[in-house]
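One structure is given here, and the rest of the page talks about it.
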Amino acid sequence: MDLQIIHYPHPTLRHVSKPLKRVDAELREIVRQMFELMYAAQGVGLAANQVDLPYRLFVANLKSDPDEPGEEHVFINPVIRRPKGLVEGEEGCLSIPGVYGPVKRAETVQIEAYTPSGERIEQTLEGLFARVAQHEVDHLDGVLFIDRLTPTEQKTKKDVLEEFDIVFQGRRQRGEIPPDEEIAQRWHELEALRT
Ligand code: NI
């Protein structure tokens, strides 16, 4: 499978991802490619639906450095609990390149998830890690950080988001992006394999 990062307003970014029931060799290869794509784009987190896959998993490396593999985290079927505090911070997204804005997030959260080897993990996250985890779990629920901007901030992004719409429609007209029904059909095939 040759993965690519998809951009707003691709429909897979609005798909609610299904929990994984199986982790096989191909899925481990998918995770490896997700890290590669994330590093190439200098990101710190990447959710599976950002590479057009309907699976409930995300990868993160807060240092965005492939030479720091100890900093690589894979969260399968993540659940966030016990949000505490509220802090505003600037966010961006590899699926909406060049767009940034202030988002309020819990300061600390607990995350429960599985690793690719099937180990259950439970961690308390704070600072940037807590923000990244909340941003990525939002992705898995079909939510983008631009949805969480204030109405005033959203207005300032209207024009640039319209440009993303135009680029998307153009790519679709050229046949580079399939119609909605074909995209949904592929979700269902991939879900049938592992969820
Ligand atoms: Ni994002």
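General observations
- Gaussian network model of the chain, Cα within-10 Å springs - most flexible of 75, 168, 35: 168
- Each residue of segment 178-183 was assigned a 3J(HN,Hα) from its phi angle through the Karplus curve 6.51 cos²θ - 1.76 cosθ + 1.60 (θ = phi - 60°); the sequence is x, x, 3, 4, 5, 5 Hz, with glycine and proline shown as x.
- Principal axis extents of the C-alpha atoms in segment 1-102 (largest first, rounded to whole Å): 39, 32, 30.
- Residues of type lysines that residue 18 reaches as a straight line, Cα spacing below 29 Å, ignoring anything fewer than 8 places off in the same chain: 63, 84, 104
- Sequence-distant contacts, meaning Cα pairs under 8 Å at least 6 residues apart, place the relative contact order of segment 1-101 at 29 percent.
- Over segment 11-194: Rg over Rh, Cα atoms, Kirkwood Rh: 0.96
- Dipole axis of the chain (+1 Lys, Arg; -1 Asp, Glu on Cβ), positive-most option in 132, 110, 48: 110
- Summed side-chain charge close to residue 138 - residues other than residue 138 whose Cβ falls under 9 Å, Lys, Arg +1, Asp, Glu -1: -2
- Pairwise centroid distance, computed over Cα atoms, of segment 97-155 with segment 33-91, Å: 9
- Selected from 115, 12, 156 as most flexible by GNM, with the chain as the system and alpha-carbon contacts under 10 Å: 156
- Helix-only mean residue ellipticity at 222 nm for the chain, each DSSP H run of n ≥ 4 adding -39500 (n - 2.57), per residue, nearest 500: -11500 deg cm²/dmol
- Under 5 Å between amide hydrogens, built in the peptide plane, is the criterion, and for residue 93 it picks out 98, 99 among residues at least 5 positions away or on other chains.
- Residue among 176, 91, 126 with the largest mean-square fluctuation in a Gaussian network model of the chain, springs linking Cα atoms under 10 Å: 176
Read the figures in this text as sums done on the coordinates, not as results from a lab. None of the values given here were measured: they were computed from a predicted structure. Positions of Cβ are backbone-derived with ideal geometry, glycine not excepted, and every protein chain shown enters the neighbour counts.
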